Amino acid sequence: MENTNEMTLIFDSRPVNEGLARVAAASFFTQLNPTLEEVADVKTAVSEAVTNCIIHGYEGEVHKIRMDLRLKGRELYVDIADKGAGIADIKKAMEPLFTTKPEKDRSGMGFTFMEAFMDEVTVESKVGEGTSVHMKKTIQR
């Protein structure tokens, strides 16, 4: 039987819960015995995705964020989704330094960091319906 495991966490889009999501993700995949660097990479990517939901998806309103974590062999899959504003132009949103909230001191590097720290990042979004960020990280041995 293949080594698989799954977890879903649904939480309020409050800034304080960004830390919860980071720790939950890190705890979940420690069974693969990742390096400290791999743990830090995943925590950073999760943090960026959750922060995007809070700031951009829900624009500070409190709604639900869903994080699905799945292990398959040595691969960690992380899906983070909101039912918020959505992204009109995903390609543009993923460009380094692009931000729709410069007044909030947003650097526009969220997706860039996700892509730097994870092996794969894909984004699905519909304006007015929400956004899902799908990330994959292969844990080295």
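The values are calculated or read from the model by the stated rules, or taken from the named source; none is laboratory data. On a predicted model such as this, the values are computed, not experimentally measured, just so you know. Glycine also receives a Cβ, built like all others from the backbone with ideal geometry; neighbour counts cover every protein chain displayed. Areas reflect the complete protein model, heavy atoms only, side chains present, ligands, DNA and RNA absent. Shrake-Rupley method; radii C 1.70, N 1.55, O 1.52, S 1.80 Å.
Limited to segment 6-18, what total is found for residues that are in contact (Cβ under 8 Å) with a residue 12 or more places away in the chain and either farther than 18 Å from Ile80 by Cβ or open to solvent by 80 Å² or more (accessible area, probe 1.4 Å) (or both)?
4
Say we look at segment 19-32 and pick out the residues that are crowded, with 19+ Cβ neighbours inside 10 Å and modelled with pLDDT under 95; which of these is nearest to the chain's Cα centre (by Cα)?
The residue in question is Phe29.
Among the numbered criteria (1) in contact with a helix residue (DSSP H, G or I) (Cβ under 9 Å, 6 or more places away or on another chain); (2) modelled with pLDDT of 95 or more; (3) closer than 17 Å to Val133 by Cα; (4) of a type in the set (A, V, I, L, M), which single criterion is violated by Ile55?
Ile55 satisfies all of (1) in contact with a helix residue (DSSP H, G or I) (Cβ under 9 Å, 6 or more places away or on another chain); (2) modelled with pLDDT of 95 or more; (3) closer than 17 Å to Val133 by Cα; (4) of a type in the set (A, V, I, L, M) except (2).
Which count do you get for residues in segment 33-67 that are open to solvent by 30 Å² or more (accessible area, probe 1.4 Å), of a type in the set (Asp, Glu) and either farther than 16 Å from Phe11 by Cβ or under 10 Å from the mean Cα position of the chain (by Cα) (or both)?
Summing the residues that are open to solvent by 30 Å² or more (accessible area, probe 1.4 Å), of a type in the set (Asp, Glu) and either farther than 16 Å from Phe11 by Cβ or under 10 Å from the mean Cα position of the chain (by Cα) (or both) in segment 33-67 gives 3.
Among the residues of segment 114-141 satisfying the criterion of being outside any strand (DSSP E or B) and out of contact with any strand residue (DSSP E or B) (no Cβ under 7 Å at 6 or more places or on another chain), which is farthest from Asp82 (Cα to Cα)?
Arg141
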